[in-house]
Amino acid sequence: MAVRCSRINAIVNGVDARIESRLSNLFENIGPDEKFDMIVFNPPFFFSDPKNLRQRAFMGGKTGEVIRGFWAGVMRHLTPAGRVQVTVSDVVSPSMFEFTEFIETGLKPSLVAKRSSFMGNSVSVYALRSQAT
């Protein structure tokens, strides 16, 4: 459903020729040499083991395994001037930027927006760029 929604949003906003949406468990369905100008990630917010498929949307393992896996693989698929955009709940943020896997990326996060969600917590959007650029 998320891929379908992404494609519809791209069409509605007239950028469908420049946007590619894919279904993948992190980088499993991405070729080893594929690089992207922007990678968008909306990680599971809670550090808990999911009990079923539905819970995988918001539970990413007791120690943040999904987020750690993303940071461990993102730089292999980002162009040199590429960006990462991450939407996180205050349940996760900023601890995800303290993970060793994140620190090793060399990415620098900048807060773009922060809003209260319908669940009462804050949701933040970060843009991340390489500190070398």
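Values in this text are rule-based calculations from the coordinates and carry no lab data. Since the structure is predicted, the reported quantities are computational estimates derived from the model, not experimental observations. With ideal geometry, Cβ positions are generated from the backbone for all residues, glycine too; neighbour counts draw on all protein chains shown.
Values computed for the structure shown
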item	result
Fewest-first ranking of MET75, MET59, MET96, using other Cβ atoms within 10 Å as the exposure measure	MET75, MET59, MET96
Gaussian network model of the chain, springs between alpha carbon atoms under 10 Å - residue of VAL86, VAL12, VAL123 with greatest fluctuation	VAL12
Partner aspartates and glutamates for LYS62 [C-alpha distance under 12 Å; skip if fewer than 8 residues away on the same chain]	ASP49
The chain: most fluctuating residue of GLY69, GLY60, GLY31 per GNM, C-alpha cutoff 10 Å	GLY31
Alpha carbon centroid spacing (whole Å) that separates the range 63-113 from the range 1-41	17
Distance cut-off 19 Å, percentage of C-alpha pairs in the chain lying past it	54
Proximal aspartates and glutamates to LYS51, defined as alpha-carbon separation beneath 19 angstrom and excluding residues fewer than eight positions away on the same chain	GLU65
Net charge of neighbours whose Cβ lies under 13 Å from the Cβ of PRO50, counting Lys and Arg as +1 and Asp and Glu as -1	+2
